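Each value in this text was obtained by applying a stated rule to the coordinates, not by laboratory testing. Owing to the predicted nature of the structure, the values given are computational and were not obtained by experimental measurement. Here Cβ is always computed from backbone atoms with ideal geometry, including for glycine, and neighbour counts include all displayed protein chains.
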Amino acid sequence: MSKFEGLPREIIALRISKEIEDGSYVNLGIGIPTLVGNWLEGRDVHLQSEIGMLKTGAMAEGDDVDQDLINASCQAVTEIPGSSYFDLVESFAMIRGGHVDVTVMGAFQVNEQGDFASWMNPSRGLDGVGNVGGSMDLAVGARRLLIAMEHTTKTGESKLVTKLTYPATAVKKVHMIFTDLAVMEVTPKGLLLKEIYPGLTVEDIQSVTEPKLIIADDLKAIEL
Amino acid sequence: MNKVFKTIEEAIADIKDGAVIGIGGFFAAGVPRTLIQALIKKGTKNLTICCGSGPLLGAYRELDGLVAGKQIRKLIDSYGLFRSATKGSQNAFEQLVRSGEIEFEVYPMGTLAEKYRAAGAGIPAFFTPVGSGSMVEESVLSNIKEKRAKKETRVINGQTCVLEYALKLDYAFVHAYMGDEEGNLRYRKTARNFNPVMATAASVTIAEVENVVYPGDIDPDTVHTPGIYVQRVVHVPRITFDITNL
């Protein structure tokens, strides 16, 4: 059980959507990141899907479902004016080549240097392999890497750690972390606590965060 | 130059045990299901199957068929395991990966795309920053300990880069929406994905095509895969499938 109740996943996604500027090309990973898309509809933001689509539309339902049109999470999506398709080599040239402005990914753990772990959960018991997918390419190529995750595990341990115990996806790449309890920025001095869930104190957040937090001068409630 | 084979059986007849076969598709989209079904029927064994992003999770019935026939020796993919650990633990393929009866090798998706591209473009190996600082930098990701070959690295412009090798295929199975008799192909929407690059990486590319047309019927400006990469074309009906939950 989590010690504190915080934002539901959809609202973490809403907070992240506010961090994305108009005119951005954005790649959304599986899980909470996918939900960010729901809050970007109508915005001047183009979603890049690594399967090979730019300007991915909303989820498809009913008669709009086309078996040849899915996103990288294997969900039926739609095409909109200005959409384009391309192959995987082109898709990862965009990603690795630094053309994607913002990438949002989930994680098992993030440390205060901006290293993160997302591709393999050792408890699955598959030694040496896992689903890397496009996570390592995206982490290397993204201009801004935002992590969306619950603040603690189901058993209450901090997912913000001083040392990763899960295998790393990439090192020194994370810019900001959005959890159900807080918004933090990775800085050269450590994790800067910028926003907290209304009603909680800095001490509350620190009690469920392994690394020592630096407190922002303008610390505020999570802005929605 | 008419590359059309009358039957799918003829199109795959010369594939022998031990072949290295690339399979296009990304989860459910653009998977050459009919070719894989023919390969299951043929029963060819000891295969190395090379994928890009889980086409055999999308075409899960075909994965079950290959596994049941004990046809796979090794699978290469970036995302080859069911997302759900529970679903995975009940899956026959994953059980054989756990026991080591099937060798499973993993690369980051973009690196894998580039390994096929390099093979098709005559580049033996390349340096990439992807995977630096992770297990990918140290050695090949494999379920078999002895197969975890050390990787070479080099610091380029201050960034540690990993040396990755081209991945050459004996055969590639690709799925196209339209193809002419000379092997020019067009794909549809996100069913394109890994198909074009797989076609370049193989000695023999076999395209299953929903609509076979005459040369000239495809506007040359809109050809995705030029015919030089395609050796065999076979017509297949359009199959309806579920977009599965992984």
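Quick notes
- Chain B: C-alpha gyration tensor shape, a/c 1.5 cut-off, then a/b vs b/c: oblate
- Counting Lys and Arg as +1 and Asp and Glu as -1 over every other residue whose Cβ lies under 14 Å from the Cβ of A:LEU69, the net charge comes to -2.
- Inter-chain shielding of A:61-68 (mean C-beta neighbours from other protein chains, 10 Å cut-off): 4
- Shape analysis of the protein assembly as shown places it in the prolate category; the axes a ≥ b ≥ c from the Cα gyration tensor give an a/c of at least 1.5, with a/b above b/c.
- A simple count of charges around A:SER17, restricted to other residues whose Cβ falls under 12 Å of its Cβ and scoring Lys, Arg +1 and Asp, Glu -1, yields -3.
- Fewest neighbouring Cβ atoms within 10 Å first, the residues B:CYS50, B:CYS161, A:CYS74 line up as B:CYS161, A:CYS74, B:CYS50.
- Length-normalised contact order of chain B in % [C-alpha pairs under 8 Å, at least 6 apart]: 23
- Shielding score for B:100-110, defined as the mean number of other chain Cβ atoms within 10 Å: 6
- Summed over qualifying helices (DSSP H, 4 residues or more, each -39500 (n - 2.57)) and divided by its residue number, the protein assembly as shown shows a 222 nm mean residue ellipticity of -5500 deg cm²/dmol.
- Average other protein chain Cβ within 10 Å of Cβ, residues B:26-34: 4
- Extension gain, B:ALA125-B:LYS42: 0.36 nm per intervening residue step, less the Cα-Cα distance, totals 26.5 nm.
- Greater than 26 Å apart at Cα, pairs in B:LYS16/B:LYS150; B:LYS115/B:LYS189; A:LYS163/B:LYS74: B:LYS16/B:LYS150; A:LYS163/B:LYS74
- Mean separation of Cα contacts under 8 Å (6+ apart) over length of region B:108-246, as relative contact order %: 23
- GluC sites (Glu not before Pro) within region B:146-236: DSSP coil, no more than 13 neighbouring Cβ in 10 Å: B:GLU152
- With each label modelled as a point 7 angstrom along the Cα→C-beta vector, the A:THR153-B:ASP217 pair spans 5.8 nm.
- Dipole in debye (nearest 20) - region A:79-165, about Cα centre, beta carbon charges: Lys, Arg +1; Asp, Glu -1: 240
- Considering only region B:33-183, percent of DSSP beta bridges that pair antiparallel, nearest 5: 60
- As a proxy for reagent exposure, B:PHE82, A:PHE92 were ordered by neighbouring Cβ count within 10 angstrom, fewest first; the result is B:PHE82, A:PHE92.
- Loop trypsin sites (Lys or Arg not before Pro), region A:109-169 (other Cβ atoms within 10 Å of the site Cβ: 12 or fewer; DSSP): A:LYS154, A:LYS163
- A Förster radius of 30 Å combined with the Cβ-Cβ distance from B:ALA85 to A:THR78 puts the calculated FRET efficiency at roughly 0.45.
- The alpha carbon centroids of region B:173-200 and region A:167-183 are separated by 38 Å.
- The stretch between A:LYS189 and A:GLU5 holds 63.4 nm of extra length on full extension. This uses 0.36 nm per residue minus the Cα-Cα distance.
- Centre-to-centre, using Cα atoms only, region B:83-108 and region B:213-246 are separated by 31 Å.
- Footprinting exposure proxy ranking of A:HIS99, A:HIS175, A:HIS151, fewest other C-beta atoms within 10 angstrom first, gives A:HIS99, A:HIS175, A:HIS151.
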